[in-house]
């Protein structure tokens with residue numbers, strides 16, 4: 001009774017307000033513009049953020065310059081959602097049930113953390129740069145207005161990046177043939193400058209400021225990524241991967257990040273993983289859930305993705321080698337780190353000028 | 001079991017966003033026009049709203065009805081923080097197909113002039129409301145959301161929606177009374193109206209990326 005009276009008075013209030021105002025214009029978005037805007041949206045969604053795996057990388061690439069965003073990849077969405085699923089070329093699962101003698105993810109990550117903690121501690125000045133060189137292979141997908149897709153695998157190529165150790169507002173440098181030329185990087189954005197970055201764009205100083213207790217660290221990551229991605233666990237794993245891939249962290253923080261990853265449900269060991277250069281290693285994977293239609297006309301359902309993001313480690317040193325992000329056209333997408341160093345100037349190579 | 005549109009949106013299925021665009025694009029466009037007063041700015045708000053929706057898809061609740069209130073809430077935030085949203089999606093906006101400069105038909109041009117005149121009247125009326133009051137008014141009166149849906153869209157309690165609308169009604173009623181013949185036309189109350197009429201021909205509220213980019 002009360003509720004219906006209230007609803008009645010609500011409607012009356014709305015009606016009175018409408019009468020007090022001139023009638024505003026209303027029109028349809030012209031059909032050709034609606035089509036153009038929708039096509040733009042669909043292309044953007046498929047090109048820039050196809051999967052949670054690429055979210056961090058795509059975000060960073062967008063941050064670093066518009067050009068690379070188009071080259072960022074559709075590996076899993078394209079492969080997982082439509083293309084590969086329909087053509088029946090899905091790669092077989094890369095990991096079966098664990099055999100006896102293999103460590104659990106927690107045991108393995110603990111050893112990986114110990115190895116990371118033994119790395120030398122660096123003396124870093126605020127005016128220096130993180131230099132990361134990697135071999136990368138990604139794919140790009142174009143979607144036409146009719147909905148047909150074309151996915152092209154980029155050739156394997158070297159990527160080099162210089163990023164300020166202390167301030168994301170300071171220009172960096174990217175050399176990567178997919179944008180086509182060396183480019184200055186800058187991210188003023190809506191940041192207040194100077195800015196040591198955050199979870200998506202960490203500087204050395206940001207990473208240095210993090211707590212080394214894995215539970216505290218993981219809770220901070222859950223809080224910072226709340227509401228993002230497909231699930232809190234997946235988003236946490238992706239976020240940690242972003243900080244380990246194209247950045248440099250102090251040894252104790254690297255170790256804490258690995259121990260935090262060990263606490264995430266759904267993380268498992270891939271005993272025999274192969275990076276994109278064909279080197280074998282030991283892998284740690286997040287068991288990603290995907291929405292997939294097995295065939296045209298068959299309803300979408302939630303299933304398990306054997307191509308989930310996988311960190312690959314050197315089996316003897318247990319140091320980070322690279323990351324695999326699913327396969328496209330039978331080729332493994334991802335990156336392998338060649339060199340990390342702190343250098344004095346933009347464009348300077350480690351130990352050189 | 002077939003997943004609902006809501007579940008597919010949450011899961012990041014691009015096709016689900018295509019369906020959402022077909023269903024709600026027009027509603028976002030009209031809300032955006034009323035908030036910005038400019039049809040081409042409204043187009044940009046439509047794009048930004050859906051790009052933001054994609055970014056924020058994880059915040060969709062697992063169960064619920066239409067996603068329209070959620071989208072309209074994002075649209076309100078986009079118009080409020082247009083500069084921030086367009087910087088976030090700067091690269092994507094750079095690829096937005098440009099709107100034709102010359103309208104296809106002469107009556108379309110006339111229609112736009114008429115729209116602008118009607119809008120000037122509306123804006124002069126709502127120009128004196130507070131931002132929060134304008135937002136609930138746009139959602140409840142123009143976009144037809146009920147109070148709980150508007151509350152959810154804006155992330156405020158239902159009581160706040162009611163009180164803002166009541167305040168808006170009181171303010172508008174006072175304004176209407178002042179506009180009656182015999183009321184003093186040149187009182188201090190007139191001044192904000194002139195200002196909002198000038199804004200009409202000025203820069204659209206939604207920032208365009210080329211203007212945001214530093215040289």
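The values are calculated or read from the model by the stated rules, or taken from the named source; none is laboratory data. Note that the structure is a prediction, hence the values are computed from the model and not measured. Because the Cβ atoms are built from the backbone with ideal geometry, glycine has one as well, and the counts that use them run over all protein chains shown.
Given the conditions (1) modelled with pLDDT of 90 or more; (2) within 14 Å of chain B (Cβ to nearest Cβ); (3) crowded, with 20+ Cβ neighbours inside 10 Å, report the number of the one that residue A:238 does not fulfil.
With respect to (1) modelled with pLDDT of 90 or more; (2) within 14 Å of chain B (Cβ to nearest Cβ); (3) crowded, with 20+ Cβ neighbours inside 10 Å, residue A:238 is out only on (1).
Picking from B:138, B:153, which residue would you name as being away from every other protein chain (no Cβ under 11 Å), in contact with a helix residue (DSSP H, G or I) (Cβ under 8 Å, 6 or more places away or on another chain), in a helix (DSSP H, G or I) and in contact (Cβ under 8 Å) with a residue 40 or more places away in the chain? Spell out how you get there, then give the answer.
Working: B:138 fails: away from every other protein chain (no Cβ under 11 Å).
The unique qualifying residue is B:153.
Mind checking which pairs have a first residue in the range A:151-164 that is free of Cβ contacts under 8 Å to residues at least 24 places away in the same chain and a second that is part of a loop (DSSP other than H, G, I, E, B), Cβ under 6 Å, 6 or more apart or different chains?
Note: pairs meeting the criteria are A:157/A:177.
Identify, please: which residue in the range B:149-193 is within 30 Å of residue B:48 (Cα to Cα) and modelled with pLDDT under 50 and is, among those, surrounded by the most Cβ atoms within 10 Å (Cβ to Cβ)?
Just the residues of the range B:149-193 that are within 30 Å of residue B:48 (Cα to Cα), to begin with: B:149-165, B:168, B:192-193.
Checking which are modelled with pLDDT under 50 leaves us with B:192-193.
Values: B:192: 12, B:193: 18.
So the residue we want is B:193.
Does the range A:198-213 contain at least one residue that is modelled with pLDDT under 85 and touching a strand residue (DSSP E or B) at 6+ places or on another chain (Cβ under 9 Å)?
There is at least one residue in the range A:198-213 that is modelled with pLDDT under 85 and touching a strand residue (DSSP E or B) at 6+ places or on another chain (Cβ under 9 Å).
If only one of A:295, A:261 is modelled with pLDDT of 85 or more and either assigned to a loop (DSSP other than H, G, I, E, B) or touching a helix residue (DSSP H, G or I) at 6+ places or on another chain (Cβ under 8 Å) (or both), which one is it? Outline the logic, then answer.
On the way: A:295 fails: modelled with pLDDT of 85 or more.
When all the criteria are applied, what remains is A:261.
Considering A:46, A:33, which residue is at the interface with chain B (Cβ under 9 Å from one of its Cβ atoms), buried (at least 18 other Cβ atoms within 10 Å of the Cβ) and modelled with pLDDT of 80 or more?
Working: A:46 fails: modelled with pLDDT of 80 or more.
Being at the interface with chain B (Cβ under 9 Å from one of its Cβ atoms), buried (at least 18 other Cβ atoms within 10 Å of the Cβ) and modelled with pLDDT of 80 or more holds for just one of A:46, A:33, which is A:33.
Taking residue A:308, is it more than 22 Å from residue A:105 (Cβ to Cβ) and part of a loop (DSSP other than H, G, I, E, B)? Steps first, please.
Numbers: more than 22 Å from residue A:105 (Cβ to Cβ): no; part of a loop (DSSP other than H, G, I, E, B): yes.
Answer is no for this residue.
Need a quick list: helices (runs of 4 or more DSSP H) entirely within the range B:1-66 having at least 2 residues that are closer than 21 Å to residue A:31 by Cβ.
Values: elements: B:5-10, B:14-36, B:39-55.
Here the list reads B:14-36, B:39-55.
Collect the residues in the range A:30-44 that are over 17 Å from residue B:92 (Cβ atoms) and part of a helix (DSSP H, G or I), keeping them in residue-number order. Spell out the reasoning first.
First pass over the range A:30-44, keeping only residues over 17 Å from residue B:92 (Cβ atoms): A:30-32, A:34-35.
Matches in the range A:30-44: A:31, A:32, A:34, A:35.
Are any residues in the range A:185-197 modelled with pLDDT of 80 or more and out of contact with any helix residue (DSSP H, G or I) (no Cβ under 6 Å at 6 or more places or on another chain), and if so, which ones? If you could, list the steps in order and put the result at the bottom.
Pass one, the range A:185-197, residues modelled with pLDDT of 80 or more: A:194-197.
Of everything in the range A:185-197, those that are modelled with pLDDT of 80 or more and out of contact with any helix residue (DSSP H, G or I) (no Cβ under 6 Å at 6 or more places or on another chain) turn out to be A:194, A:195.
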